[in-house]
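Let me begin by presenting the structure, written as structure tokens, before commenting on it.
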Amino acid sequence: MRSALLVVFLLSSVLAASAQTGVSGVVTDSSGGVVSGAAVVARGPNGAEQQTVTGPDGRFSLGSVPAGATIIVRASGFAEKSQPANGGTLEVELAPATLFESVSVTPTRTEQRLADVPANVSVIDKEQIRRSPAVVADDVLRQAPTFSLFRRTSSLSSHPTAQGVSLRGIGPSGVSRSLVLIDGIPFNDPFGGWVYWTRVPLENVDRVELVEGSGSSLYGNYAMGGVINVQSTRPRRRTAEVRTQYGNLGSPKADFAVSDVWGKFAAAFDGSAFTTDGFPIVIANERGLVDDKANINYRNFNLRADYSPTRQLNAFVRGGYFHEERDNGKHSTIDGTKEGNDTTWKNVAGGVRATLPDYSDLQARVFTDFETFHSNFLAVPAANPPRSIGRMTLRQEVPTTGIGGMAQWSKAFSTRFLFAAGGDFRHVDGASNEQGLDATQGLTVTLLRESGGTQLISGGFVQGQVWLQSNLSVTLSARVDNWQNTDGRNLETTAAGVPTANNRTLPDTSDTAVSPRAAVLYRVSDRVSAFGSIGSGFRTPTLNELYRQFRVGTILTLANDQLGPESLMGGELGISLAPLEGLTYRSSWYDNRVEDPVANVTVTGATAAALSTACAVPGTTCQQRQNLGRTKITGWQNDVEYRIDREWRVGAGYLFNSAKVKEFAANPVLVGLYLPQVPKHRGSVNMSYSNPRIITASLAMFFYGRQYDDDLNQRTKPGETEPGLPAYGTVELSALREIGRNLDVFFGVQNLFDTEYYVGFAPTTIGTPRLVNGGIRVRWSGR
């Protein structure tokens with residue numbers, strides 16, 4: 001009997017060993033380049049999963065895989081690939097993804113096919129970026145109708161503080177209501193929340209994911225209106241790319257990206273530099289002696305190193321340096337000082353990602369920011385002729401330091417249940433150090449002010465997605481955030497050191513927000529799916545909104561250290577269709593209600609004079625940041641794309657957006673009015689042709705409806721009676737021709753017909769004119 005049992009044990013051991021086998025392999029794209037950072041999942045016959053990630057050389061290994069298992073590979077920008085795990089060494093080649101096949105990491109903080117994500121996600125891939133004639137990232141992102149900056153103009157000519165991004169018109173202002181990430185690291189300015197789009201290294205971007213809908217349940221602050229994640233190109237073996245171009249308006253630009261892989265180590269280095277003579281931003285018939293050209297000069301460099309000692313562990317470190325200088329298009333007629341600003345930003349980040357013994361995934365990152373921002377402001381008093389006198393009113397220096405981090409754990413318990421949990425924090429310390437100048441000539445310092453504080457925001461989240469049936473999933477997520485504002489101060493003295501009435505320290509404040517979300521995805525068939533979601537979000541005011549004032553022309557906007565947080569409750573319903581091969585269509589309806597949104601509100605009379613003596617200067621219009629009661633933003637979003645064949649591709653997008661004030665007890669006049677800077681209609685149409693042996697070319701048209709420039713919906717174009725900034729449209733085109741394996745020649749035009757469109761009134765400013773550029777791109781690669 002004992003002998004029989006021993007034989008049975010030995011046989012079962014042999015069978016068990018034969019049923020388990022090691023699997024390793026390499027993941028490449030269609031050109032033969034390795035794909036690093038791809039998720040590789042081994043799914044057994046019983047549904048159990050184990051997971052790893054490809055290293056810098058594209059290779060992976062799984063120690064013990066049951067017989068009959070399937071290997072599934074997922075990577076951003078590629079279609080999911082499945083094949084049997086036959087043991088030995090596998091070669092997995094990934095193909096470019098269609099809309100439904102594309103893998104996204106942003107909506108759920110884990111790699112998933114877009115077909116399995118219950119959210120509206122727009123993806124701008126590397127080829128679309130390559131075909132765009134845009135010089136800066138925000139002009140590329142305007143391909144998505146839901147994307148807009150606070151003002152209509154490009155970041156080539158707008159003040160950095162006006163570059164806050166809004167998706168679907170959620171709370172438009174200089175501050176972003178959307179979180180911007182680069183490779184998962186927060187990219188928003190730590191002091192003000194706006195975005196330096198010139199910092200985005202376009203030549204090294206693999207794709208951009210725009211998640212349109214509140215992301216606070218996973219990402220917390222800033223994500224109230226959505227998330228934009230810029231994903232860098234993975235390092236490749238012995239690759240280098242240099243792009244040089246020159247454009248009208250005296251606009252040279254150079255970009256480069258180099259990378260290499262040495263076994264377990266990989267590194268990438270990229271950079272860009274741009275300068276332009278600029279263009280006038282005030283309309284010709286209002287231009288005066290104070291006006292000249294707005295221009296920009298910037299440099300941006302980034303270095304990243306990756307190390308993968310095993311297939312289950314990857315670590316990275318990255319650092320960046322950015323400097324930009326801007327002339328804002330006017331100068332003092334008294335001493336010639338130009339109104340401008342400059343920014344220097346240094347950052348360092350690092351992180352690890354590990355596959356644990358239970359095949360769960362653990363990630364952690366830390367990051368630091370060191371930024372100094374200088375700005376000055378010009379007052380243009382009423383004079384005859386207009387805009388003939390300009391004097392400096394204020395100088396600012398804003399030093400800011402920030403540190404943050406995140407940790408996240410996720411695990412697929414089965415093919416039907418995916419779970420993730422994590423937390424993050426961000427600590428920011430900053431102040432606006434200001435010199436107020438005399439109201440006669442703007443030459444003498446009359447006021448000194450230091451206004452700032454420290455802000456700590458931290459939170460944790462959980463998320464679970466369960467497939468109740470093979471075609472029906474439910475996703476539940478929730479997050480708790482706490483923020484604390486400490487060391488708040490407004491230390492204001494005269495030039496002689498005498499404290500003013502506004503000299504004070506501010507009490508510490510803190511608050512907590514809970515952001516739940518529920519979503520359902522139903523796949524009617526392989527070609528039809530529908531989803532719906534409901535959830536809440538929040539955003540706490542930035543240090544900039546609490547403490548820093550600024551001026552635009554005759555309009556002075558004051559800070560408000562009494563601001564409270566914004567909160568959003570919203571939902572959407574959407575449908576995705578693929579009725580024909582290569583044709584996809586998405587349509588979504590959304591409804592968002594924002595409580596206490598921060599807006600620039602016009603104040604007059606004694607109220608204005610009590611806030612600041614500068615408001616009493618004749619010709620000055622005063623505004624203050626205030627919590628604006630309640631707003632309602634509803635809309636209908638549509639996107640269609642048709643890939644006719646491998647060479648032709650056409651697409652279109654349209655957004656109807658109604659954003660109104662619904663309640664404001666402090667000023668009922670605003671109730672029923674539209675939020676400024678949100679057009680009701682936006683749309684785009686694009687067409688492209690790609691045949692490397694002939695040409696790669698694209699044509700795009702953009703349309704923007706009428707929008708208001710002020711909270712009272714009253715400002716008008718000179719000579720018109722209908723208030724608001726008129727509707728307009730622009731056209732852009734680009735062409736690229738490959739000459740051999742390593743050289744491209746390209747040409748591009750933005751605003752082809754040189755359309756003059758209005759950005760703001762008082763004075764009447766205009767957007768970017770026709771921009772023409774051309775150049776070459778040189779590539780080197782080796783094995």
Subset tally (residues that are surrounded by fewer than 22 Cβ atoms within 10 Å (Cβ to Cβ), polar (S, T, N, Q) and closer than 17 Å to Glu212 by Cα) for the stretch 111-138: 1
Qualifying position, being within 21 Å of Leu394 (Cβ to Cβ), out of contact with any His (no Cβ under 6 Å at 6 or more places or on another chain) and not acidic (Asp, Glu), among Ala578, Ala614, Ala599: Ala614
Qualifying residue in the stretch 771-781 (condition: of a type in the set (Val, Ile, Thr) and within 18 Å of Ser158 (Cα to Cα)): no
Residue count, the stretch 327-351 (criterion: within 23 Å of the chain's Cα centre (by Cα) and either open to solvent by 20 Å² or more (accessible area, probe 1.4 Å) or closer than 12 Å to Phe370 by Cβ (or both)): 7
Pairs, first in a strand (DSSP E or B) in the stretch 661-679, second surrounded by 15 or more Cβ atoms within 10 Å (Cβ to Cβ) and among the basic types (Lys, Arg), C-beta under 9 Å, six or more apart: Val661/Arg630; Val661/Lys632; Lys662/Arg593; Lys662/Arg630; Lys662/Lys632; Glu663/Arg630; Tyr674/Lys660; Tyr674/Lys680
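Okay, residues lined up against (1) touching a residue at least 60 places away in the same chain (Cβ under 8 Å); (2) open to solvent by 60 Å² or more (accessible area, probe 1.4 Å); (3) closer than 30 Å to Tyr547 by Cβ; (4) of a type outside the set (A, V, I, L, M, F, W, C):
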{"residue": "Thr620", "(1), (2), (3), (4)": "yes, no, yes, yes"}
{"residue": "Gln623", "(1), (2), (3), (4)": "yes, no, yes, yes"}
{"residue": "Gly629", "(1), (2), (3), (4)": "no, no, yes, yes"}
{"residue": "Ile633", "(1), (2), (3), (4)": "yes, no, yes, no"}
{"residue": "Asn657", "(1), (2), (3), (4)": "yes, no, no, yes"}
Considering residues of the stretch 724-767 that are touching a helix residue (DSSP H, G or I) at 6+ places or on another chain (Cβ under 8 Å) and closer than 30 Å to Thr621 by Cα only, the residue least open to solvent (accessible area, probe 1.4 Å): Thr764
Output for the stretch 768-783, where each listed residue is open to solvent by less than 40 Å² (accessible area, probe 1.4 Å) and not hydroxyl-bearing (Ser, Thr, Tyr): Pro769, Leu771, Asn773, Gly774, Gly775, Arg777, Val778, Gly782
Top-ranked residue in the stretch 702-715 [being polar (S, T, N, Q) and surrounded by 16 or more Cβ atoms within 10 Å (Cβ to Cβ); ranked as nearest to Gln245 (Cα to Cα)]: Gln707
All positions within the stretch 298-314 that are touching a strand residue (DSSP E or B) at 6+ places or on another chain (Cβ under 7 Å), open to solvent by 30 Å² or more (accessible area, probe 1.4 Å) and part of a strand (DSSP E or B): Arg299, Phe301, Leu303, Arg304, Tyr307, Leu313, Asn314
Single match in Glu595, Glu572 (criterion: in contact with a strand residue (DSSP E or B) (Cβ under 6 Å, 6 or more places away or on another chain), over 20 Å from Phe191 (Cβ atoms) and surrounded by 21 or more Cβ atoms within 10 Å (Cβ to Cβ)): Glu572
Asp511 part of a strand (DSSP E or B), under 28 Å from the mean Cα position of the chain (by Cα) and at pLDDT below 95: yes
Single match in Leu558, Leu577 (criterion: of a type in the set (A, V, I, L, M) and in contact (Cβ under 8 Å) with a residue 60 or more places away in the chain): Leu558
Test: residue in the stretch 685-704 that is at pLDDT 90 or above and farther than 30 Å from Leu583 by Cβ: no
Any hit, the stretch 275-291, residues being polar (S, T, N, Q), assigned to a strand (DSSP E or B) and modelled with pLDDT of 95 or more: yes
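With the requirement that a residue be in a strand (DSSP E or B) and under 30 Å from Val671 (Cβ atoms), what does the stretch 708-765 give you? Don't jump to the end; show me each part of the working.
Here is the first cut: in the stretch 708-765, the residues in a strand (DSSP E or B) are 716, 723, 725, 728-738, 743-750, 758-760, 765.
Thr716, Pro723, Leu725, Tyr728, Tyr758, Val759, Gly760, Thr765 - these are the residues of the stretch 708-765 that are in a strand (DSSP E or B) and under 30 Å from Val671 (Cβ atoms).
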The stretch 515-568, residues that are over 23 Å from Val398 (Cα atoms) and among the aromatic types (Phe, Trp, Tyr): Tyr522, Phe531, Phe538
Residue check, His323 within 23 Å of the chain's Cα centre (by Cα) and either part of a strand (DSSP E or B) or surrounded by fewer than 17 Cβ atoms within 10 Å (Cβ to Cβ) (or both): yes
Positions within the stretch 380-410 being hydrophobic (A, V, I, L, M, F, W, C), more than 30 Å from Gly452 (Cα to Cα) and in a loop (DSSP other than H, G, I, E, B), in sequence order: Ala382, Ala383, Ile389
Options Val230, Val258, Val317; residue that is among the hydrophobic types (A, V, I, L, M, F, W, C), touching a residue at least 40 places away in the same chain (Cβ under 8 Å), out of contact with any Lys or Arg (no Cβ under 7 Å at 6 or more places or on another chain) and closer than 30 Å to Leu179 by Cα: Val230
Filtered residues of the stretch 337-365 (kept if among the aromatic types (Phe, Trp, Tyr) and at pLDDT below 95): Tyr359
Selection within the stretch 478-502 - loosely packed, with under 15 Cβ neighbours inside 10 Å and not in a strand (DSSP E or B): Ala495, Ala496, Gly497, Val498, Ala501
Pair list, Cβ under 8 Å, 6 or more apart: the stretch 42-56 residue under 17 Å from Thr28 (Cβ atoms) and open to solvent by 50 Å² or more (accessible area, probe 1.4 Å), other residue modelled with pLDDT of 75 or more and among the hydrophobic types (A, V, I, L, M, F, W, C): none
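The values are calculated or read from the model by the stated rules, or taken from the named source; none is laboratory data. This one's a predicted model, so the numbers in the text were calculated from it and none came from an experiment. A quick note on method: Cβ atoms are made from the backbone with ideal geometry, for glycine too, and the neighbour counts reach across all protein chains shown. Each accessible area value is taken on the protein alone, full model and side chains, heavy atoms only, with ligands, DNA and RNA left out. Shrake-Rupley method; radii C 1.70, N 1.55, O 1.52, S 1.80 Å.
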